[in-house]
1. Among the residues of region 194-214, which ones are within 19 Å of residue 279 (Cα to Cα) and either open to solvent by 80 Å² or more (accessible area, probe 1.4 Å) or out of contact with any helix residue (DSSP H, G or I) (no Cβ under 8 Å at 6 or more places or on another chain) (or both)?
2. Taking residue 308 as meeting all but one of (1) open to solvent by 40 Å² or more (accessible area, probe 1.4 Å); (2) away from the ligand (no atom under 13 Å from the Cβ); (3) under 24 Å from residue 113 (Cβ atoms), write down the number of the exception.
3. Looking at region 305-319 only, could you name the residues that are out of contact with any His (no Cβ under 8 Å at 6 or more places or on another chain) and touching a residue at least 60 places away in the same chain (Cβ under 8 Å)?
4. What is the one condition in (1) more than 16 Å from the ligand (Cβ to nearest atom); (2) more than 22 Å from residue 227 (Cβ to Cβ); (3) of a type outside the set (Lys, Arg); (4) open to solvent by 50 Å² or more (accessible area, probe 1.4 Å) that residue 293 does not satisfy?
5. With the requirement that a residue be open to solvent by 30 Å² or more (accessible area, probe 1.4 Å), part of a helix (DSSP H, G or I) and of a type in the set (Phe, Trp, Tyr), what does region 219-252 give you?
6. Could you figure out which of (1) in contact with a helix residue (DSSP H, G or I) (Cβ under 7 Å, 6 or more places away or on another chain); (2) open to solvent by 80 Å² or more (accessible area, probe 1.4 Å); (3) not acidic (Asp, Glu) isn't true of residue 81?
7. Listed residues 288, 268; which is open to solvent by 10 Å² or more (accessible area, probe 1.4 Å), away from the ligand (no atom under 16 Å from the Cβ), assigned to a strand (DSSP E or B) and over 24 Å from residue 321 (Cα atoms)?
8. Search region 181-216 for residues being away from the ligand (no atom under 13 Å from the Cβ) and hydroxyl-bearing (Ser, Thr, Tyr), and hand back the single one that is nearest to the chain's Cα centre (by Cα).
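The values are calculated or read from the model by the stated rules, or taken from the named source; none is laboratory data. All figures in this text were calculated on a predicted structure; none of them were measured in a lab. All Cβ positions, glycine included, derive from the backbone under ideal geometry; neighbour counts span all protein chains shown. Keep in mind that these areas ignore ligands, DNA and RNA; they rest on the heavy atoms of the full protein, side chains included. Shrake-Rupley method; radii C 1.70, N 1.55, O 1.52, S 1.80 Å.
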Amino acid sequence: MTSPNEIETQLTNLKTEATSAIAATDALDDLESLRVKYLGKKGQLSQVLRGMGKLSAEERPKIGAIANEVKEAIQNALEATRNTLESAKIQARLEAERLDVTMSGVSRPLGSIHPLNSTFDRFTEIFVGLGYTVAEGPEMETEYYNFEALNIPADHPARDMQDTLYLSDGNLLRTHTSPVQIRYMESHEPPIRIIAPGRVYRRDTVDATHAAVFHQVEVLAIDKGLTFSDLKGTIQEFVRQMFGEELPMLFRASYFPFTEPSAEVDVKWKGKWLEVLGCGMVDPNVLKAVGYDPEVYTGFAAGFGVERFAMVLHEIDDIRRLYSSDLRFLQQF
Ligand code: DAH
């Protein structure tokens, strides 16, 4: 028979052994086996308590109280270690999934607007603000639209002025955006206020200020009673908006077959006179070519070189830079 003292010693040993085994555990799965080992139905505590049946009625409650205390101590140890291991597990997971929000990201290069396009955009913004709409025409043209209807007959020296690229079928690559005037007037009735931005082609030797393919913006206004002062006022307002200030302007008499009178305009920009456009009152022959009565309608037209403006506004020294894909140049815009 086991004596009460022996049982008490067994219980105390059990408590010491169990709690230190539990404290030494570092895996949650092992905790469960330890629980079974010490507190399970066939566990060590039950085994010790089996000897209690033979105790006297006085001894039993005393040993029973100790047994309860041992059981509670083991349960508490299990609970405490489970808590510790579980929070360590969460901590480890947080550590593993940690995001460093201060780490710099992968930067995606953002494109920017090409200086030619931003210059086109400025033209459009300004003229749309003045009540104009945007028209377009084909880059492959006929001699009729590029020359004849614009009052440039076959033997006219102005045809040589614009070295033309002819196509084998007799058509040509438009040398200016002026043919859009004709196409638009043919299909619309006055009043007309349009701009026609676009690409033009010339048989030209490429150098710092010349390109074989370049860009123009054409302006056309047709109405009853339009005069040269309307043209002047429009150009003045355009220049003021384009350069952001009131610049001295010079209207020089000039010649274009499709305008009469004609002028070229210089503005004083950073101390230099700068030629910015050709313009004039639409020649009566041009109005007749599209079936308008020049006794009823008058109008003005102008042609701008877009590269010229882009180069002046952005201080670009060589026109060829505008067509290169050199990122060192492009990233400045
Ligand atoms: N078409 C002319 C050129 O390319 C530019 C021009 C001059 C257009 C006078 C016009 C104008 O509309 O009125 O050289």
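1. So in region 194-214, the residues within 19 Å of residue 279 (Cα to Cα) come out as 194-200, 214.
Scanning region 194-214 gives 199, 200.
2. Every condition holds for residue 308 apart from (2).
3. At the first step, the residues of region 305-319 found to be out of contact with any His (no Cβ under 8 Å at 6 or more places or on another chain) are 308-318.
Across region 305-319, the qualifying residues are 309, 310, 313, 314, 316, 317, 318.
4. It is condition (2) that residue 293 fails.
5. Keep residues of region 219-252 that are open to solvent by 30 Å² or more (accessible area, probe 1.4 Å), which gives 223-225, 227-230, 232-233, 236-237, 240-241, 244-246, 248-252.
From the residues that got through so far, the ones that are part of a helix (DSSP H, G or I) too are 228-230, 232-233, 236-237, 240-241.
Scanning region 219-252 gives a single hit, 228.
6. Result: residue 81 passes all but (2).
7. Numbers: 288 fails: assigned to a strand (DSSP E or B).
That would be 268, the only listed residue that is open to solvent by 10 Å² or more (accessible area, probe 1.4 Å), away from the ligand (no atom under 16 Å from the Cβ), assigned to a strand (DSSP E or B) and over 24 Å from residue 321 (Cα atoms).
8. Step by step, filter region 181-216, then rank; the result is 209.
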